[in-house]
1. How many residues does the range 168-194 hold that are over 17 Å from Leu204 (Cβ atoms), within 22 Å of the chain's Cα centre (by Cα) and free of Cβ contacts under 8 Å to residues at least 60 places away in the same chain?
2. Quick check: is even one residue across the range 434-450 touching a Phe, Trp or Tyr at 6+ places or on another chain (Cβ under 9 Å) and within 25 Å of Leu326 (Cβ to Cβ)?
3. Scan (1) modelled with pLDDT of 80 or more; (2) exposed (fewer than 14 other Cβ atoms within 10 Å of the Cβ); (3) more than 30 Å from Lys214 (Cβ to Cβ) for the single condition Val551 breaks and write down its number.
4. Would you please name the residue that is modelled with the highest pLDDT, looking only at residues in the range 159-210 that are in contact with a helix residue (DSSP H, G or I) (Cβ under 8 Å, 6 or more places away or on another chain), outside any loop (DSSP other than H, G, I, E, B) and over 22 Å from Thr87 (Cβ atoms)?
5. So is His374 within 15 Å of Thr294 (Cα to Cα) and in contact with a helix residue (DSSP H, G or I) (Cβ under 9 Å, 6 or more places away or on another chain) or not?
6. So which of Asn403, Asn398 ends up being surrounded by fewer than 23 Cβ atoms within 10 Å (Cβ to Cβ) and either acidic (Asp, Glu) or in contact with a helix residue (DSSP H, G or I) (Cβ under 6 Å, 6 or more places away or on another chain) (or both)?
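The values are calculated or read from the model by the stated rules, or taken from the named source; none is laboratory data. Treat the numbers as computed from the prediction; the structure is a model and nothing was measured. Methodologically, a virtual Cβ is constructed for each residue, glycine included, from the backbone with ideal geometry; neighbour enumeration extends over all protein chains shown.
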Amino acid sequence: MYKELRSVLANLPGAWKRAVLIAFDFAALSFALWSSYALRYGIVFFPINLDQALIILSAPIVAIPIFIRMGLYRSVIRYLPERAMWTILQAMTVATLCWVVLVFLSEMAGRGIVPRSVPILYWTLGSILIGGSRFAAKKFLLSRGSAHPSGHPVAIYGAGEAGAQLAVALRNQGRTFIVGFIDDNQALRGRDVAGIRVFSPQDLSYLVTEYGVKEVILSIPSINASRQKEIVTRISGQGLKIRTLPNLADLVSGKYLVSQIREIDIDELLGRSSVPADADLVRRMIAGKTIMVTGAGGSIGSELCRLIVKWAPQRLVLFEANEFALYQIERELSAITDQAVVPVLGSIVNRARVDEAIKQFGVQVVFHAAAHKHVPLVEANALEGIYNNVVGSLNVANAAFDNGVESFVLISSDKAVHPTNVMGATKRWAELIVAQKAREAARKETNQRFCSVRFGNVLGSNGSVVPLFKEQIAKGGPVTLTDPTMTRYFMSIHEAAELIVQAGALSQGGDVFVLEMGTPILIRDLAENMIRLAGLTVRDESQPNGDIDIVTVGKRPGEKLYEELFYDETNVRATSHPKILRAANSDTSKEEIETALSALMRTLDEQNEREARRILFETIQ
């Protein structure tokens, strides 16, 4: 019976709930004033004339408008905080004083005298009845077996216009209970916005304890990256899930919809200062040109394609060996652009296929992103990694040179610097091949530009640690680390694509550009941030009851504890772009490269992995 009653009360419309409260308060205040007279005179009496009835009814008639003004009917009873008792006492004090003024005017009009103890008794009884009834109702509604009033409790960080619109949208959706706003503006604290109380960030732990808040939604669309990182770090430390509204520039309408709330990406916590793309550089590289991207279905290749189609190329050629990946990116791009998008299924190790694609479509710019990049897999399949990354890059560079391609950009890696694994060594070979082609173009005065762009990890790329951590967290852990002291450079995939294009426009031929990667990040810190963003806590010695373990499993073959970006930091030069640096190039001669390539090709034909590894690493030392 009690469960059914709780359910009925919980599911009443908001207007009906307020009506019930007002009716109860009217009766309770009338009873409180009647009891005050009865206690004062020591007798039980009943109003027998109009004057007595008006005196009794005047108390709730005066009090209820005051209660409405002070927000006593805006709170959700089931989640009424203890501090609400102070509001009730304040409201009763104001109501009692106003009633005393009314009584005084009535006395002057000849309505009789009210004993001085009656207002005191009325204030005391009224406070007990109004406050006690609400907290008794809260206990009843939140007792075991009661249903949650309107979904899971959340707090909204930001009590501005965006936050108010979001609160209305969430209320209309009906599956979320908004506990309150959190805002840094001291002028807003303690006030109500859209009928919801505004709290200080320091009150967050109180909201978690009192209301069971499990999620915070950031509703500050104009916030900068460093401030967002600061807020997220503060919130996530309490084991809360965090979501956010998109940036103002990403919104297509003036309203903030529930569907626009999204998870916070880990790349938003990198703390990198963003530099807007130089439109002139991007336009110079792309607009009106026929461009080919090798590895167009991969993580970097596909992001490059998404960027390129926005800058009006004449044609975009998607060169990809993976049939499904090619189908996916071609379908995606065709849905968002009217530009000519041409899918070409082929492998970079097939020189004839590369030649055909460049000739047939008159390619002017090549972004060479195709490569085997997964370090442990390439280490375990060294011959295939060498064949694809070295021979494939040689094929693409030669085809571009022989067919008069204007600009060639190799997507390299920080693992190419002092490499300890096959993947890094093959990337260094690719850099040397491209540098050699640049020297040949300069010697023959073809005006062709060949360059390499070297950078660290991109968050969310295929085979990167971020998708792995997400999968492990979704399964409940543990999250596996190779070494707690391991660091890596990280940048967002979109930023990497923009900088690659701009670096290509800055090329003078033979350049090795290095993208400014900021400060290397501890992989353990990355794992902890991802766990916290999921609304979970790390289980360790200081928090043995946490949700997710972080386990060290040891380094894999070929892995380094830290990566480098330069062979010689003293020869690094700035460019006109603050995020793009120019590194010193290799002085390896054409004869050395050709001799080593011939020897390497023989080992591939003979399937001699040991000798192939020796030649691979000796040439680049």
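1. Number satisfying all stated conditions: 1.
2. yes
3. The single condition Val551 does not satisfy is (3).
4. Step by step, filter the range 159-210, then rank; the result is Leu166.
5. no
6. Just one listed residue meets the conditions, Asn403.
This table checks each residue for (1) part of a loop (DSSP other than H, G, I, E, B); (2) among the hydroxyl-bearing types (Ser, Thr, Tyr); (3) surrounded by fewer than 21 Cβ atoms within 10 Å (Cβ to Cβ).
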site: Glu495; (1), (2), (3): no, no, no
site: Phe513; (1), (2), (3): no, no, no
site: Met517; (1), (2), (3): yes, no, no
site: Ala527; (1), (2), (3): no, no, no
site: Pro557; (1), (2), (3): yes, no, yes
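For (1) within 16 Å of Ala583 (Cβ to Cβ); (2) touching a Gly at 6+ places or on another chain (Cβ under 6 Å); (3) charged (D, E, K, R), each residue gets a yes or a no:
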site	(1), (2), (3)
Ala399	no, no, no
Ser413	yes, no, no
Val422	no, yes, no
Lys427	yes, no, yes
